[in-house]
Amino acid sequence: MRTKCFQDLMRVLDREKPVIIQAHDYPDHDAIGSGFSLLSLLRDFGFRCEFCYGGEVQGFSVADIITNLHIPLVPASLLRIGGDAQIILVDAVAGNTNVTRLTDLPLTGIIDHHQPPEKIPECPFVDIRPEAGSCSTIIYQYYLETMTEPSRDVATALLTGLMMDTAQMTRGVGPVDLAAFSGLFFKGDWEGAVYILRNSFSIQDIPTLRYAFDHYYRHDSVCFVELEPSAGTAEAPAEKVRPELPGLISDYFLRMQEIHFVVTSKVESSVCRLSLRSEDPRLPADLIVKRALEGIGEGGGHPHMSGGTISGDSIPGGPGLRERFLTVIEKFLHENKE
């Protein structure tokens, strides 16, 4: 896919019409950083912009970045989206289960860094760069292209998004990410960004962490952590598990020297959400989750980090889920031996 540029985006936008920048439903640091920074850049060029999401903000570290950097992110339900709105998705692709359709209006733009689906929705502007470690990296390229100096808050937001999605520059990092990190490091509050990312756990999470450490399943270098109601306890009922915890727990388990691939699952309201991490180049997390959930759910992401969802009666339960993933993993390992 040909890389687009900010000039291409401005050519398809009309300054007389409002621009709605939409993050995915449960925006993380990268979605917030890239959306906020795109809003600021478009405003610099005379566009009227709003920044919204369709679901809810989850996690205190995400709330911290919104508050500390004065980010004007609002629920889509508070916006009056007229018939002339120009909608741009950031850090997401239309059709994914984590993107609420806000209106019947066609999309104007998609900016993302995840591996694109087989069929990308048609719209005037599509800039999807799987080689970028974060969506924030892409937006920073727009600033460089236009020779626009980001404000301190914008630089900090971009830096936080970049560092979060690359696990503080340790995974999925390419040359453009290194250049963005170098360019943003002293422009933003890097100490504030590190503080937000480093302090992701809470004392309130200790029962859930204890439960995870007592109820994991390991097969060779593959680890499964289940946080679901059927396996809950009075100390750590799954209903109280913070939505960002599965990803944080996957990252934590990946730090064990014996573990190179992690699948963390949480069942809530008849939906099973999965968070995957991989540090084994033979086991791309994005491809494995797609194959393992074929026919029962959907997933995607990056080779080092991905996620997935299964709904309703299709949820196979712990042993069935493990069997699905281990079967796919064995095939990948076998293919890489040849």
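Where a number appears in this text, it was derived from the coordinates with a stated rule and is not lab data. The shown structure was predicted, so the numbers you read here are calculated from the model rather than taken from an experiment. Every residue, glycine among them, receives a Cβ derived from its backbone with ideal geometry; neighbour counts consider all protein chains shown.
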Relative contact order of region 1-56, pairs being alpha-carbon contacts under 8 Å that are 6 or more residues apart, as %: 44 percent
Loop-located GluC sites (Glu not before Pro) in region 118-194, at most 14 other Cβ atoms within 10 Å (DSSP): E118, E122, E131
Phi to ³J(HN,Hα) by Karplus 6.51 cos²θ - 1.76 cosθ + 1.60 over region 290-303, Hz, x for Gly, Pro: 5, 5, 5, 9, 4, x, 10, x, 9, x, x, x, 10, x
Rg to Rh, two decimals, where region 21-165 supplies the alpha carbon set and Rh follows Kirkwood: 0.93
Shape metrics for the chain, restricted to C-alpha atoms - Rg then Dmax, Å: 19.8, 59
Proximal charge balance of G55 [Cβ under 15 Å; K/R count +1, D/E count -1]: -3
Cβ-derived FRET efficiency at R0 35 Å, S269 paired with R43, nearest 0.05: 0.40
Mean separation of Cα contacts under 8 Å, 6 or more apart, over the residue count of the chain: relative contact order %: 13 percent
Two-decimal Rg to Rh for region 235-311 - Kirkwood Rh, Cα set: 0.98
Part-to-part distance (alpha-carbon centres) for region 54-74 and region 113-145, which is given in Å: 22 Å
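Once every DSSP H run of n ≥ 4 in the chain is given -39500 (n - 2.57) and the sum is divided by its residues, what mean residue ellipticity at 222 nm do you get, rounded to the nearest 500 deg cm²/dmol?
-11000 deg cm²/dmol
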Per-pair calculated FRET efficiency, R0 = 25 Å: S151 and L178 via Cβ, rounded to 0.05: 0.65
Relative contact order, percent, region 252-338 [alpha-carbon distance under 8 Å, six or more residues apart]: 24 percent
Point-charge dipole on Cβ atoms (K/R +1, D/E -1) for the chain, about Cα centre, debye to 20: 200 debye
Span from the region 245-272 Cα centroid across to the region 309-338 one, whole angstrom: 15 Å
Total formal charge among the other residues, if their Cβ is under 14 angstrom from that of G188, Lys/Arg +1 and Asp/Glu -1: -2
Counted charge near S40, where neighbours are those whose Cβ lies closer than 14 Å (Asp, Glu -1; Lys, Arg +1): 0
Under Karplus coefficients 6.51, -1.76 and 1.60, residue-wise ³J(HN,Hα) of region 245-252 in Hz, glycine/proline x: 5, x, x, 5, 5, 4, 4, 5
Phi to ³J(HN,Hα) by Karplus 6.51 cos²θ - 1.76 cosθ + 1.60 over region 112-125, Hz, x for Gly, Pro: 7, 10, 7, 4, x, x, 4, 10, 8, x, 6, 7, x, 10
Gain in span if fully extended, Q7 to L209, counting 0.36 nm per residue against the direct Cα distance: 68.0 nm
Pair H334, E16: separation of 7 Å Cα→Cβ label points (nm): 6.3 nm
Semi-axis lengths (Å, descending) of the ellipsoid that matches the C-alpha gyration tensor of region 3-96: 22, 14, 13
Reduced Cα scattering model of region 90-185, Debye log10 I(q)/I(0), q = 0.15, 0.21, 0.23 Å⁻¹: -0.63, -1.06, -1.17
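List the equivalent ellipsoid semi-axes of region 206-337 in whole Å, largest first, each obtained as the square root of 5λ for an eigenvalue λ of the Cα gyration tensor.
Sorted largest first and rounded, they come to 22, 17, 12 Å.
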